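Colleague: My questions all concern the structure below.
The values are calculated or read from the model by the stated rules, or taken from the named source; none is laboratory data. Just so you know, these numbers come straight off a predicted model, no measurement behind them. Neighbour counts run over all protein chains shown; Cβ positions are idealised from the backbone, glycine included. The accessibility values were calculated without ligands, DNA or RNA, using every heavy atom of the protein model including side chains. Shrake-Rupley method; radii C 1.70, N 1.55, O 1.52, S 1.80 Å.
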Amino acid sequence: MVVDNMGLDHVAIKVRDLERTIEFYTDVMNMAVSDRIGDSVAFLRTPAVSETADHHEMNVTQYSDEELDVLEQRGELEVDLHDFEEDLPEDGPPMLPTTGPIYHIAFEVPNFASIKAAAEELENRNHPIYRGPGRHGPGNNIFLYFPDPDGYAIELSAKMEEAPEDGGRPARQWPKSPDTWNVWRNAEDL
Ligand SMILES: [Fe+2]
């Protein structure tokens, strides 16, 4: 082994419009700006749950002018989040449309009530929801997926199964089916 022990610390993403991204993560996601570098980088922290909260969990960095030119050549400079909604398959795994190789970024929230409230508020704002609320088989976590301004999918996740270092269960092989992705698939009103 190279690394003996670790946890996930932060993710860094490139964005088309830094100010629009900061507005989304502060207004919708209740994050705060910890620091900035020039006019192209911002560090964001999640709402402090303790006095020892870390400086940042996200770094958002403005694409360079050259990178924006490449996006424009590919026809990907403008992102219409509602366009993506129409491309979603009705059934099957939550194959979220993305504008890059990052599939989604998941934030932990306390419980189903938090996820339900978020879904309602997103609907109030006419913000697209890709999937959920639902519950994954693997991990048993409750989920909600929606896009940030660049189309990166955000997942809110609650109540994930704990995997203790000692006494955890062996890994299980799940069937490749819609029920694996969402065990609530057939639930009506939750
Ligand atoms: Fe996930």
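Colleague: Quick one: in region 128-157, of everything that is open to solvent by 40 Å² or more (accessible area, probe 1.4 Å) and outside any strand (DSSP E or B), which residue is farthest from the ligand (Cβ to nearest atom)?
Modeller: Here the answer is ASN140.
Colleague: Among the residues of region 40-73, how many are closer than 25 Å to PHE146 by Cβ and either aliphatic (A, V, I, L, M) or assigned by TED's automatic domain parsing to the domain that holds ASN126 (or both)?
Modeller: Looking only at that region, the number is 10.
Colleague: Those residues that are open to solvent by 60 Å² or more (accessible area, probe 1.4 Å) and not in a helix (DSSP H, G or I), I need them from region 112-127; list them, please.
Modeller: ARG125, ASN126
Colleague: Something else: Identify, by number, the condition in (1) more than 14 Å from the ligand (Cβ to nearest atom); (2) at negative phi that GLU161 doesn't meet.
Modeller: Condition (1) is where GLU161 drops out.
Colleague: On the given criteria, is ASP17 farther than 29 Å from LYS176 by Cα, at pLDDT 95 or above and not basic (Lys, Arg)?
Modeller: yes
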